[in-house]
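Rule-based calculations on the coordinates, nothing more; no lab input. Bear in mind that the values here come from a model prediction, so they are computed numbers and not experimental data. As a convention, Cβ positions derive from the backbone with ideal geometry for all residues, glycine included, and neighbour counts pool all protein chains shown.
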Amino acid sequence: MPPSSVPRLTPSKKIQVANAIEIASNPASEHSFKTQAFEYLNQLRSDPSGWQVCLAIFTKTPRHSDIVRHVALEVVNSAAQAGIIDLPGLQYIKDGLMEYLRQAYGSEGSTSDGAAIQNKIAQTITYLFSALYSNGWESFFDDLLGLASTNPSANLRDNALGIIFYLRVVNSIHDEIGDVLVSRSRVEQEKANTLKDLIRQRDMQKIVGSWQDILTQWQDSNDQVVELSLKAVGSWVSWIDIGLVVNQTMLDLLFQQLSRAQKSDLRDGEEKLRDGAIDVFTEIVGKKMKPEDKIDMIIFLNLDGIVSQLSGSPPLNENRFTSKYDTDLAETVAKLVNIIVSDIVRVMDNDGVNIETKEKANTLLQSFLVHVLRFFSDDYDEICSTIIPCLVDLLSHVRKVAKSHPETKNQHAPMLLPILKAIIAKMRYDETSSWGDEDDQTEEAEFQELRKRLHVMQQIIAAANEELYMDALSEVVGTTFENLRQTGGQLDWRDLDLALQEMYLFGDLAVKSGGLYNKNKPNSPAAERLIEMMTRMAGSDIRCFTHPATQLQFMENCVRYSSFFEHNTHLIPSVLESFLQFAHHPMKRVRTRSWYLFHRLVKSVRFHIGDVAQTVIEAVRDLLAIHAELPSETEDGDDMSSADHEGSADAFFTSQLYLFEAVGSLCSSQAIPGDKQVLYAQSVMNPIFADMEQILAIAKTGDERSLLQIHHDIMALGTLARGFLDWVPGTMASNRPSTVEISDAFGQVAEATLVALESLKTYFNIRTAARFAFSRLIGIVGLRILPQLPRWIDGLLTETSSKDEMALFLRLLDQIVFGFKTEIYSILDTLLTPFLQRVFAGISDTTSGTDDEIQLAELKREYLSFLLALLSNDLGSVIVSQSNQSIFDTVISTIEHFIRDVDDYTTAKMAFTVLSRMAVVWGGSETAQNGVTASQGAIPGFNQFMFTRFSSLCWVLPSSSGFNPKDALARQVLGEAGGLQQTIYTKAGTEYADYLRSQELPGVGMGPELVEEYVNALSQFDAKGFRAFFLSFIQRFSS
């Protein structure tokens, strides 16, 4: 009978619930019925009595369908987990389920549930164990073990159904309380620890004994029983007494399973038992214990011998290079080797371990190094990757020892060299690889990821023994290029790719101290080796580089070590010729990548090339033709792969732009007279101008392809300008052009761009391209661009322009201010008011969503940055000129608004900085007075304006309800506020001090003593000292 807390059920309710589950799980159910069924079941889950009807449904005879029983038991589990079932209710569930288990899995059971149902029941029993083992179900394990025997009095584990269920529960309990990978709260972990302690006290011997009995009885007759038993031993060993597992009885049983590895042919499922036994040894080794005990245990278990036997077994030795090779066994043994070696290294790395133990560990390490290299060198990357963690640990230990004891470096060389050679060998593409095959992109990505891990290991070896590393790499590269020379190019591309790849990675050592050369000599021994390698590579016949992988890596190396060509300029023509050949490569991946690399190489060696621009332009003219392609439907999707993106029309055009930049760089070479520079540039520009003129009318109709073509044309012209001149206003570069001819030529680019922009300014991508071109033309066109500013502003800042566009344009205006300073005054004076009105409209516009808020914050900061640029470049007077007086108050009001915003400290800090700069520029007096020196730019009456509008703002933010003076950003804002007060004082002196005493400070609630303390500090401290005082004062005043 159920306890009084459990209500009685009517048959109709059970039928109703079962029907609801059937409807909800049936794909053919009508949508409305299915929705009602889900709603009903959700209500059932929250019903305090819902679990009872579900328990009854689960245990009912005849049985419901598996899906009904599974869902019903899930409801019971949810209720048990949520804690809505009281103790009597849990006892009731326990009794009901145990009765069911005795009938279904006990001595009279004949038909077991499917694996899914068994696992679900085991989960429920586990929840009951967590709740009742310490409170009412002390016989838990005895009760479950009772299922394992047909005759409990005979003490035989002869009931397979009951044994399998018992082992499922045992493994489920480990998952619940012992699995370290499961995240638990502090309370949950404490409960788990308590339960583990109780098991150790009450039942551990019994449980381990049951495993031994079951394995002994069933080791040759039921694979599932053996597999579950091994899983239980392997999982529980991490938190039980090691002696319960590491004893002769248990070890003999494990060795019996390991012996299966010596068989060439295993029946289906038998390999799981073999691998499961190996996993038990892996878990045994992984158990936490004292270093001395761990080393002794590894020796006691003779793990070296076990691994040797497994490595020499037919599946791993005779079949290694055949289709019968057992990769699962190899990976399982590799895991064992990995954890053994990691633990050995951990002992050697422990300064608290005695010398005797370390000597034992070192002996073990020498023995296991053979196994490490065996599995690390395996043809299968999955197996190699399994052993990498212990190799990294070992190499890191050697590096640590070499760093602290340099004299031991040579002692480790015999161990490091075979490891390094094995790493280099693994860096090579295997014989089955098909580079560039679209069907093998995943495999290629995995191999490149493996290469990254291998490279890390090479770097560790280089740090431990640089000379050994340099010798090994030099031998590989030197031998490869010698073979290439002798065979006339008949060399496996994989070998050449390996040498080129290692050259590229060798740079991490060779250029780590700043470059290949120092005062025209190799910068280091490693740099000298790399220069030798580059000489061999550059001197090779490029026709020998027949494979796309080697061609790409050749170019990558040339670009990375471009300084080599600056010191070997005679090699540049042949290298450029090679790049131009690859620029027309039939494979798109190589072709487009070569465009980028060509651009990089040209920028690096442009001053050593000479007049080759015309030759290059003719060689790539066919590649400069722009053909805009609308993105296909697949390119619009968010689920495009990286490979798909690289092949997209947009990515292709982005790569094409690198050619335009490279051509621009070549045209501007100092070796070319100015008139020829213009001629070469115009030979590229003119076809684009003609194209724009031809399709502009069609683009005005909104034709998408024509609009995209105009966008591409403008981007190409802007990129040509960027290549021609990488100087932008505000930088310290000295190569600003001075010839009128060049300025005139690119003035045509500006005009063509403006014509297109004025006609198509409502289109976002046209504005984007025009803004890019404008940013690149500022430096090259120079002052001539200033009269065009009104047209640029009108085209780039339209009613549809986003806040982001406004912010980007403000940044461009900063460049103009930095570059031309007072030369821009008259134009700015005319433009400032209408321009800022557009900015104010953007700032005051309502935001919708996180992205919009981010753009607004950026616009605010760019606006303030623009004001600072004006104030810092002798253009502050334009803000208060006769033409712009009408917006001055709005300027100040926006700054005040920013300062009051407690949700944006970064902008508030900048706003205070702007006010301080205004005080510096416009504050003070034209004549010296009150101990303050005269200010040339002082505006009459501005001191009083600072007092009433600026100074009071320093108290607004700290007095806001949401302000936290302990926040790091808030403290920075306070520092700027204090800096503003200090600046005002330096400009107005005693006049400001009197104002603070008589009006401002009493107005914010300060008494006479605080007022005097504050004013005295203002007059006595320097800027840094007063900022610190202001911070502490605000905290005291606010408390």
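The table below lists the values:
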| item | result |
| --- | --- |
| Residue in the stretch 178-187 that is free of Cβ contacts under 8 Å to residues at least 60 places away in the same chain, farther than 19 Å from PHE141 by Cβ, part of a helix (DSSP H, G or I) and under 43 Å from the mean Cα position of the chain (by Cα) present | yes |
| Yes/no for GLY436 being in contact (Cβ under 8 Å) with a residue 24 or more places away in the chain, on the phi > 0 side of the Ramachandran plot and either more than 32 Å from the chain's Cα centre (by Cα) or part of a helix (DSSP H, G or I) (or both) | no |
| Among the candidates SER342, SER308, SER313, residue that is assigned to a loop (DSSP other than H, G, I, E, B) and of a type in the set (Gly, Ala, Ser) | SER313 |
| Filter result for LEU491 (among the aliphatic types (A, V, I, L, M), outside any loop (DSSP other than H, G, I, E, B) and crowded, with 19+ Cβ neighbours inside 10 Å) | no |
| Filtered residue count, the stretch 100-121, keeping only those that are within 14 Å of ARG69 (Cα to Cα) and of a type in the set (A, V, I, L, M) | 4 |
| Residues (in a loop (DSSP other than H, G, I, E, B) and either within 11 Å of ARG168 (Cβ to Cβ) or touching a helix residue (DSSP H, G or I) at 6+ places or on another chain (Cβ under 6 Å) (or both)) located in the stretch 135-158 | ARG157 |
| Answer residue from the stretch 539-580, given it is under 36 Å from the mean Cα position of the chain (by Cα), farther than 18 Å from ASP611 by Cα and of a type in the set (A, V, I, L, M) and is surrounded by the most Cβ atoms within 10 Å (Cβ to Cβ) among those | MET555 |
| Residue within the stretch 510-523 that is within 17 Å of VAL559 (Cβ to Cβ) and not hydrophobic (A, V, I, L, M, F, W, C) present | yes |
| Filtered residue count, the stretch 353-380, keeping only those that are farther than 18 Å from ASP393 by Cα, touching a residue at least 12 places away in the same chain (Cβ under 8 Å) and surrounded by fewer than 16 Cβ atoms within 10 Å (Cβ to Cβ) | 3 |
| Check on ASP508, more than 24 Å from ILE460 (Cβ to Cβ) and among the acidic types (Asp, Glu) | no |
| Test: residue in the stretch 221-242 that is surrounded by 15 or more Cβ atoms within 10 Å (Cβ to Cβ), of a type in the set (Lys, Arg), closer than 30 Å to ILE173 by Cβ and touching a Lys or Arg at 6+ places or on another chain (Cβ under 7 Å) | no |
| Positions within the stretch 385-425 being polar (S, T, N, Q), free of Cβ contacts under 8 Å to residues at least 60 places away in the same chain and surrounded by fewer than 18 Cβ atoms within 10 Å (Cβ to Cβ), in sequence order | SER404, THR408, ASN410, GLN411 |
| Residue match in the stretch 253-263 (condition: within 42 Å of the chain's Cα centre (by Cα) and closer than 30 Å to GLY352 by Cα) | no |
| From the options ILE785, ILE780, ILE766, residue that is of a type in the set (Val, Ile, Thr), in contact with a Phe, Trp or Tyr (Cβ under 6 Å, 6 or more places away or on another chain) and either on the phi > 0 side of the Ramachandran plot or crowded, with 19+ Cβ neighbours inside 10 Å (or both) | ILE780 |
| Enumeration of residues in the stretch 953-973 that are part of a helix (DSSP H, G or I) and either exposed (fewer than 15 other Cβ atoms within 10 Å of the Cβ) or touching a Phe, Trp or Tyr at 6+ places or on another chain (Cβ under 6 Å) (or both) | ALA968, LEU969, ALA970, VAL973 |
| Among (1) without any contact (Cβ under 8 Å) to a residue 40 or more places away in the chain; (2) part of a loop (DSSP other than H, G, I, E, B); (3) not aromatic (Phe, Trp, Tyr), the one test that GLY209 misses | (2) |
| So VAL755, is it buried (at least 20 other Cβ atoms within 10 Å of the Cβ), assigned to a helix (DSSP H, G or I) and out of contact with any Asp or Glu (no Cβ under 8 Å at 6 or more places or on another chain) | no |
| Flag for PHE481 being over 30 Å from LEU369 (Cα atoms) and in contact with a helix residue (DSSP H, G or I) (Cβ under 7 Å, 6 or more places away or on another chain) | yes |
| Test: residue in the stretch 245-256 that is among the hydroxyl-bearing types (Ser, Thr, Tyr) and either buried (at least 17 other Cβ atoms within 10 Å of the Cβ) or outside any helix (DSSP H, G or I) (or both) | no |
| Residues (among the basic types (Lys, Arg) and more than 16 Å from GLU629 (Cα to Cα)) located in the stretch 668-721 | LYS676, LYS700 |
| Test: residue in the stretch 913-932 that is out of contact with any helix residue (DSSP H, G or I) (no Cβ under 9 Å at 6 or more places or on another chain) and touching a residue at least 12 places away in the same chain (Cβ under 8 Å) | yes |
| Single residue of the stretch 882-901 satisfying the filter (crowded, with 16+ Cβ neighbours inside 10 Å and assigned to a loop (DSSP other than H, G, I, E, B)) that is farthest from the chain's Cα centre (by Cα) | ASN884 |
